[in-house]
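Working notes, structure below.
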Amino acid sequence: MKRPKRKRKNDNPYILEFNEEEQKYNILFNDYKGVLRKIHVSKDVFLAMDRFELDDVSELNEFSRHIEHLNIIENDFVLYKRTLVKEKLIGDIVERLIDFEKLWESINRLSEVQRRRIIKYYFEDKNEYEIAREEGVSQQSVHIGLKKGLSKLKEILKSLYF
């Protein structure tokens, strides 16, 4: 009686074997020391263990099918979410670009000094002290210039777009 080779669960602690020469049914397993042991069993015990193994294989196959199906569903859901996000992102990008253009048009209406300071402070990430040092003025004058520039920028934006 030749047994087919079949996949087993990882936690299956035994191997079933039929020795044709001796006509004996064996179960092989590792003992607590890790030594491979072989015990002879009756045909009924062997067939019962074989049935358990077949049930395990059936359970593994069913589990694999469910996992595969789940992966397909998850992939479809991820793709669906990505399409939604992209649509949303494209709309956001267009909105941001329009707002950005409006902002630059408004910044270009400021005086040269206000425009330069706002660009350095907000777009080049320079602080008031760095701007003051570059322009050879006090930090307080940069602070006041930024404050006035922002007020004027708000007025320009309100008058043009609201």
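The values are calculated or read from the model by the stated rules, or taken from the named source; none is laboratory data. No experiment lies behind these values; they were computed from the predicted model shown. Heads up, the Cβs are rebuilt from the backbone with ideal geometry, glycines too, and the neighbour counts pull from every protein chain shown. Just the protein is used for accessible areas: all its heavy atoms, side chains included, with ligands, DNA and RNA removed. Shrake-Rupley method; radii C 1.70, N 1.55, O 1.52, S 1.80 Å.
For region 99-143, what is Rg from Cα atoms divided by 2.2 N^0.38 Å, rounded to two decimals?
On the way: Rg = 11.1 Å, N = 45, 2.2 N^0.38 = 9.3 Å.
For region 99-143, the normalised Cα radius of gyration is 1.19.
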Integer Hz, Karplus 6.51/-1.76/1.60 couplings in order for region 40-46, x for Gly and Pro: 8, 10, 6, 4, 4, 5, 4
Inter-probe distance in nm under a simple model that places probes 7 Å from Cα toward Cβ, at N61 and F100: 5.7 nm
Nearest-10 value in Å² for the accessible area of Y122, using the 1.4 Å probe: 110 Å²
Nearest-0.05 FRET efficiency for R133 and L160, computed from C-beta distance (R0 35 Å): 0.55
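Taking 0.36 nm per residue of sequence separation and subtracting the Cα-Cα distance, how much length would be gained by fully extending the chain between E112 and S141, in nm to one decimal?
Details: separation 29, 0.36 × 29 = 10.44 nm, distance 1.49 nm.
Residue separation times 0.36 nm, minus the Cα-Cα distance, leaves 8.9 nm.
What does the charge count near V142 come to, summing +1 for each Lys or Arg and -1 for each Asp or Glu among other residues with Cβ under 15 Å from its Cβ? It would help to have the intermediate numbers written out before the result.
Working: positive: R115, R116, R117, K120, K126, R133, K147, K148; negative: E112, E124, D125, E128, E130, E134, E135.
It works out to a net charge of +1.
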